[in-house]
1. Multiplying the sequence separation of residue 32 and residue 102 by 0.36 nm and subtracting their Cα-Cα distance, what value in nm do you get?
2. How much net charge surrounds residue 232 when only the other residues with a Cβ under 15 Å from the Cβ of residue 232 are counted, with Lys and Arg +1 and Asp and Glu -1?
3. Give, as ranges by residue number, the residues of the stretch 193-208 whose backbone N falls under 17 Å from the point 7 Å along Cα→Cβ of residue 270.
4. Calculate the spin-label point distance for residue 43 paired with residue 158, positioning each point 7 Å from the Cα along the beta-carbon direction, and give it in nanometres.
5. Could you state how much accessible area residue 136 has, in square angstrom rounded to the nearest 10, with a 1.4 Å probe and all protein chains kept in place?
6. Using a Förster radius of 30 Å, what is the FRET efficiency between residue 128 and residue 60 based on their Cβ-Cβ separation? Nearest 0.05, please.
7. List the trypsin sites (Lys or Arg not before Pro) within the stretch 181-234 that fall in a DSSP loop (any state other than H, G, I, E or B) and whose Cβ has at most 11 other Cβ atoms within 10 Å.
8. Note down the nm distance, to one decimal, between modelled labels 7 Å out along Cα→Cβ at residue 165 and at residue 214.
Amino acid sequence: MALFSEKYGYTSSKSILQIEGANDDLRMSIYNALYECIGEYGSNTVFEQICRDIWTEYWHQPIDRFPDGYWKFFPQLKSRIMQGEWYEGYNIIDFLLGKVRFFADEIKNFDPYDYSVWTRKPAESRSLYLNNILEREGSGYRIIDGFIAPITNAIELDSIEQVLDERRQIPGASHHINNSLALLSKKPNPDFLNSVKESISAAEAAAKTFVPGKAKSLADAVTALEKNQGLHKSIAEAWKKMFGYTSDASGIRHAGSGEPVELDYAFAKYMLVTCSAFVNYLTEEFGEDG
């Protein structure tokens, strides 16, 4: 269920697309996921060995101090994830996935009634399980081909934040980008369709701001910018094609046939970043300081 700040767009972009950082919600979700993954292991099991390897190989702690039982190990794991560097949880996930690959045969033949049966699932299922959690919490990283990798970067995030900067924002455009962010981060089910609509509306609002007279649509505004403001023809054509695609693709922008529209996080984020970049370009090119 979405909270007040998420429903009405008061959550900052840094907490929605988290790169080179992790808030407490994300850290705790990573910890909980790790507990589900290797949790209440028994003595002398492969999962105890994995935790022992975390203790000795990753944390470089003395083997004779290894906690006697999962109920003593996991409080230390939680403390390190919650209080350590932002990347500690990701390091543990990476380390865990590597160990699961290493102990694949032992895990395959492990007692199916053990609590940690998650590790017996195919690699794709393990990645999907963790990626769903990372997406839910607005992480800027995903498990790709068995390793943690960024799905966004500082340049993309900076583009979004520029639109929301009160010192240089276009009110209508910033409002729509804020809405798009909130919809993209809505818990537990992001609203990709309406996030894309809001992103396009931001581009439309910005384009109309710099058009003398009235324009009925983003395409009209872009045409006017090309004709009257000197917007480069290639940029104008690219944006008119983009707008045409999102208008016609099963009603992404306008409710067309009423049939469901299949969108995913990657496309919604792409539109958010692209529309933000377009707004920033127009602001710099045609704004008062342009």
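1. On the way: separation 70, 0.36 × 70 = 25.20 nm, distance 2.30 nm.
Answer, rounded to one decimal: 22.9 nm.
2. Details: positive: 227, 233, 240, 241; negative: 226, 237, 284, 285.
The answer is 0.
3. Only 193-200 pass the distance filter.
4. 5.6 nm
5. About 90 Å², rounded to the nearest 10.
6. Working: r = 32 Å, r/R0 = 1.06.
Efficiency computed from Cβ-Cβ geometry: 0.40.
7. Numbers: sites: 186, 197, 208, 214, 216, 227, 233; in loops: 186, 214, 216.
Sites meeting the loop and neighbour criteria: 214, 216.
8. The two pseudo-label positions are separated by 3.3 nm.
The values are calculated or read from the model by the stated rules, or taken from the named source; none is laboratory data. Source: prediction; values computed, not measured. We place every Cβ from the backbone using ideal geometry, glycine too, and count neighbours over all the protein chains shown. What goes into the accessible areas is simple: the full protein's heavy atoms, side chains included, and nothing from ligands, DNA or RNA. Shrake-Rupley method; radii C 1.70, N 1.55, O 1.52, S 1.80 Å.
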